[in-house]
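*Asks:* Below is a structure I'd like to ask you about.
The values are calculated or read from the model by the stated rules, or taken from the named source; none is laboratory data. In this text, all values refer to a predicted model and were calculated from it rather than measured experimentally. Methodologically, a virtual Cβ is constructed for each residue, glycine included, from the backbone with ideal geometry; neighbour enumeration extends over all protein chains shown.
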Amino acid sequence: MLILVRHGEVAANAEGLLLGRADPPLTETGRRQAAALAELLPHPARVVSSPLTRARETAAVLAGDATAVEVDPRWVELDYGDLDGQPPTALGESDWHEFRTDPNFVPPGGESLASLCRRVRSACADLAPDAAHRDVVVVSHVSPIKAAVTWALGVDDCVAWRMFLGDAAISRIDTSGKHPLLLGFSDTTAAGQVAAAPTPHR
């Protein structure tokens, strides 16, 4: 099984900001989400991570002491360029329309969705044979995980804009058959467990 996990919360996520290659650590909530994910998921035979800190911190918790974390730069988040750390309103309405309808649109100083999808599909194809026989966990970000789903479904890159992926969300792709099969998308049980936990007294 190919198990795709979005990293736990960072401050920019909580603030609703665009977050690409900027490299903040997990918040306290994000660390609790990572611990909740480790309780939910089977111990993986293999753990692959984006090189960014928020993904590597989450991956380390999921891997535990027995499994090494492999870092694959193909799973890094979309490069938002000049928009990194900005609110979505920093990109004008007409540019947002083009971004969502043209996969080759490149935000200033950034990366196109088409470029991201190419690298993620290559990464998925490389992992698929191994994931057909054992659990392979990939800890990544919103855009790469959506791109992996478009790979599984065999659909256009821009379908990614019609998906919502929560913090610490789990998605599953079965790669054991002739074609990949999407079994689940954006399961936020771990994030919900953290949200429901009582806040400790300070």
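*Asks:* Kindly indicate which of 5, 71 is surrounded by fewer than 19 Cβ atoms within 10 Å (Cβ to Cβ), of a type in the set (A, V, I, L, M) and at pLDDT 95 or above.
*Replies:* Step by step, each of 5, 71 is checked, and only 71 is surrounded by fewer than 19 Cβ atoms within 10 Å (Cβ to Cβ), of a type in the set (A, V, I, L, M) and at pLDDT 95 or above.
*Asks:* I'd like the full set of residues that are among the hydroxyl-bearing types (Ser, Thr, Tyr) and either within 18 Å of residue 141 (Cα to Cα) or touching an Asp or Glu at 6+ places or on another chain (Cβ under 9 Å) (or both), limited to segment 79-116.
*Replies:* Matches in segment 79-116: 80, 112, 115.
*Asks:* Report every pair of residues separated by at least 6 positions or lying on different chains whose Cβ atoms are under 6 Å apart, first residue within segment 24-50 and in contact (Cβ under 8 Å) with a residue 12 or more places away in the chain and over 13 Å from residue 189 (Cα atoms), second surrounded by 21 or more Cβ atoms within 10 Å (Cβ to Cβ) and of a type in the set (S, T, N, Q).
*Replies:* Hits for this filter: 50/140.
*Asks:* Now a separate question. Go through (1) aliphatic (A, V, I, L, M); (2) without any contact (Cβ under 8 Å) to a residue 24 or more places away in the chain; (3) touching a helix residue (DSSP H, G or I) at 6+ places or on another chain (Cβ under 7 Å) and name the single condition residue 155 misses.
*Replies:* (3)
*Asks:* Let me confirm something: among 90, 14, which residue is farther than 25 Å from residue 183 by Cβ, in contact (Cβ under 8 Å) with a residue 12 or more places away in the chain, loosely packed, with under 15 Cβ neighbours inside 10 Å and over 13 Å from the mean Cα position of the chain (by Cα)? Write out each step before concluding.
*Replies:* Details: 90 fails: loosely packed, with under 15 Cβ neighbours inside 10 Å.
The conditions single out 14.
*Asks:* What is the residue count in segment 125-148 for residues that are among the aliphatic types (A, V, I, L, M) and without any contact (Cβ under 8 Å) to a residue 40 or more places away in the chain?
*Replies:* Selection size over segment 125-148: 2.
*Asks:* Which one of the conditions (1) of a type outside the set (D, E, K, R); (2) more than 18 Å from the chain's Cα centre (by Cα); (3) not in a helix (DSSP H, G or I) does residue 137 fail to meet, given that it meets all the rest?
*Replies:* Result: residue 137 fails condition (2) only.
*Asks:* Within segment 50-87, take every residue that is more than 18 Å from the chain's Cα centre (by Cα) and acidic (Asp, Glu) and give me the one that is nearest to residue 146 (Cα to Cα).
*Replies:* If we take residues in segment 50-87 being more than 18 Å from the chain's Cα centre (by Cα) and acidic (Asp, Glu), then 82 is nearest to residue 146 (Cα to Cα).
*Asks:* When only residues in segment 105-134 that are part of a helix (DSSP H, G or I) and polar (S, T, N, Q) count, which is surrounded by the fewest Cβ atoms within 10 Å (Cβ to Cβ)?
*Replies:* Within segment 105-134, the first condition is being part of a helix (DSSP H, G or I), and the residues that meet it are 113-131.
The next check asks that each one be polar (S, T, N, Q); those that pass are 115, 122.
Values: 115: 16, 122: 12.
Among those that are part of a helix (DSSP H, G or I) and polar (S, T, N, Q), it is 122.
*Asks:* Which of the residues spanning segment 158-180 are among the charged types (D, E, K, R) and surrounded by 21 or more Cβ atoms within 10 Å (Cβ to Cβ)?
*Replies:* 167
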